[in-house]
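Everything on this sheet refers to the single structure shown next.
No value in this document is a laboratory result; all are computed from the given coordinates. Fair warning: this is a prediction, and the values are worked out from it, not measured in the lab. Glycine also receives a Cβ, built like all others from the backbone with ideal geometry; neighbour counts cover every protein chain displayed.
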Amino acid sequence: MKKRGAFNRETREDPTPIGLSGWLFTDLLLGLLIVFAAGAVVISAGDDSHDAEELKYSEKDFKEIEKKNAEEIEEIEQEYAAAVEEVEEKNAEAIEEIEKKNAEAIEEIEQENAAAVEEIEQKYAAAVEEVEDKNAEEIRKIEQKNAEAIEEIEKRNVAEITELKKRGIEQNYYCLRIENVGVGSSEARFKEEIRQKINRKLTDKNLQDRKVGIALLFAVTTRENGTGTAGSTWLKEEIEDNTSIYDTFTGSVIRPFLTYTGPDVGDILMNLYFWSGSEYQLLTEDQKDC
């Protein structure tokens, strides 16, 4: 395929006039483009020199403006510092005056509080003294009543024991050990076991038909973990509340104590003083089964 307007070496054809005119037009356009480009470079160089001159004047003006601004700022800062100093002086005077007033008010309040506290303390001391006086009087009355009650009980006990001895209480006693009473219990089964133990001990000694005049109950304990008279007190109340069951103890005087003798803590030692009678052989020495 042949290109239009181009010289072809194979065909060895000469270029046509139309093709030559196209190349000539192209060369003219390129020449014009080079001329315009050179003119633009010259114009641009002239403009740059003009802008540099304008920039030179602008920097000078800017420096003058900066100098003026710096002077104005310094003047404003001086005025500001003076105003701040003046305000601080006024504030210091106001604060000093307020502190003085506060100190006076605090001192006045402290004086009032001190006076109020002193008054309260005086009232409290008077109230305490009054209560102590009343308590002392009440304690004295209670102690007096207790002393009278104790004296009456002791007199009654002595009178009861004396009367019992006059009626014929044996001078010697039977000692029975009731095992595992502890401090007592309200359970019916436990109470029944204690009753059976006591009745069995009396029957073994052939004492079930006799009457006890004095019964001294001793709860066995130790000095390290003593339980006091809780067990013997419980057994005393159990016997006194059930005299129909404990017929042997009807009309007897029962007293609870504690003892540190015996190897088995929780047992009760019963020292029983029986009524004497012609039908019974006189006990000439203590009978200890404990």
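At-a-glance table
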| quantity | calculated |
| --- | --- |
| Peptide ranges 88-96, 249-257 listed from the most packed, as the mean C-beta count within 10 angstrom indicates | 249-257, 88-96 |
| Sorted by Cβ density within 10 Å, fewest first, the residues Ser244, Ser232, Ser276 | Ser244, Ser276, Ser232 |
| Chain lengthening between Gln196 and Glu104 when straightened (0.36 nm per residue, less Cα-Cα) | 24.2 nm |
| Ranked Ile268, Ile178, Ile142, criterion: other C-beta atoms within 10 Å, fewest first | Ile142, Ile178, Ile268 |
| Ordering of 168-176, 62-70 by burial proxy (mean other Cβ atoms within 10 Å per residue, highest first) | 168-176, 62-70 |
| Modelled FRET efficiency - R0 51 Å, Ile120 with Thr243, Cβ distances, 0.05 increments | 0.25 |
| Sequence-distant residues sharing a close amide H with Lys211 (under 5 Å, placed H) | Trp275 |
| Burial order of peptide ranges 208-220, 179-191, 109-121 (average beta-carbon count within 10 Å, highest first) | 208-220, 179-191, 109-121 |
| Long-range amide H partners of Phe257 with built H, under 5 Å | Leu217, Phe218, Ala219 |
